[in-house]
Amino acid sequence: MAMKAATAAISANSQLGWGLRGFSSSFSSLPFNLPQTNVEKPPPADPSTNLFVSGLSKRTTTEGLRDAFAKFGEVVHAKVVTDRVSGYSKGFGFVKYATIEEAGEGIKGMDSKFLDGWVIFAEYARPRPPLPPLNNAPSRQGQW
């Protein structure tokens with residue numbers, strides 16, 4: 001029933017010369033407000049020698065990641081985070097350079113570039129937040 005009404009409205013609008021644009025513009029004044037998407041981005045991480053690389057292909061290996069970033073400086077360590085069961089990449093990894101300057105060159109050289117057919121993103125890694133205490137762990141403040 002709704003499809004018939006929509007088809008009738010389109011044909012009526014096309015006879016008036018509006019076409020689909022006139023039909024879609026009739027929905028611009030909705031009786032409710034759409035939710036606002038004010039997503040605050042976290043501040044950029046402080047420069048360090050450790051880089052976070054996202055957008056990796058499932059085919060990307062640690063060696064491939066190391067080779068791609070080695071063009072921009074001495075890579076001390078590279079690691080693609082993999083799934084324990086399948087062994088495939090989870091789509092992100094870490095690269096550690098010898099100096100902060102080399103890490104900056106690595107970001108400039110590899111951010112928004114293709115690696116194994118996928119666009120990757122490189123940025124300074126943020127420090128890992130502390131883990132919350134376990135609910136059933138005994139308190140370490142005093143002896144029990």
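For the reader, a short list of remarks on this structure follows.
- Some residue of segment 70-81 being at pLDDT 95 or above, in a loop (DSSP other than H, G, I, E, B) and farther than 28 Å from P42 by Cα: yes
- Unique match (being outside any helix (DSSP H, G or I), open to solvent by less than 60 Å² (accessible area, probe 1.4 Å) and either β-branched (V, I, T) or touching a Cys at 6+ places or on another chain (Cβ under 7 Å) (or both)) among I107, I120: I120
- Residue in segment 69-94 that is least open to solvent (accessible area, probe 1.4 Å), counting only those that are within 16 Å of S57 (Cα to Cα) and of a type in the set (V, I, T): V80
- Neighbours by Cβ (under 7 Å, 6+ apart or cross-chain): first from segment 80-94, free of Cβ contacts under 8 Å to residues at least 40 places away in the same chain; second open to solvent by 60 Å² or more (accessible area, probe 1.4 Å) and of a type in the set (A, V, I, L, M, F, W, C): V81/F92
- Some residue of segment 35-57 being free of Cβ contacts under 8 Å to residues at least 40 places away in the same chain and surrounded by 13 or more Cβ atoms within 10 Å (Cβ to Cβ): no
The values are calculated or read from the model by the stated rules, or taken from the named source; none is laboratory data. Small disclaimer: the values here were computed from a predicted structure and weren't measured. Cβ: placed from backbone, ideal geometry, glycine included. Neighbour counts: every protein chain shown. Side chains are part of the model used for accessible areas, which takes the heavy atoms of the whole protein and leaves out ligands, DNA and RNA. Shrake-Rupley method; radii C 1.70, N 1.55, O 1.52, S 1.80 Å.
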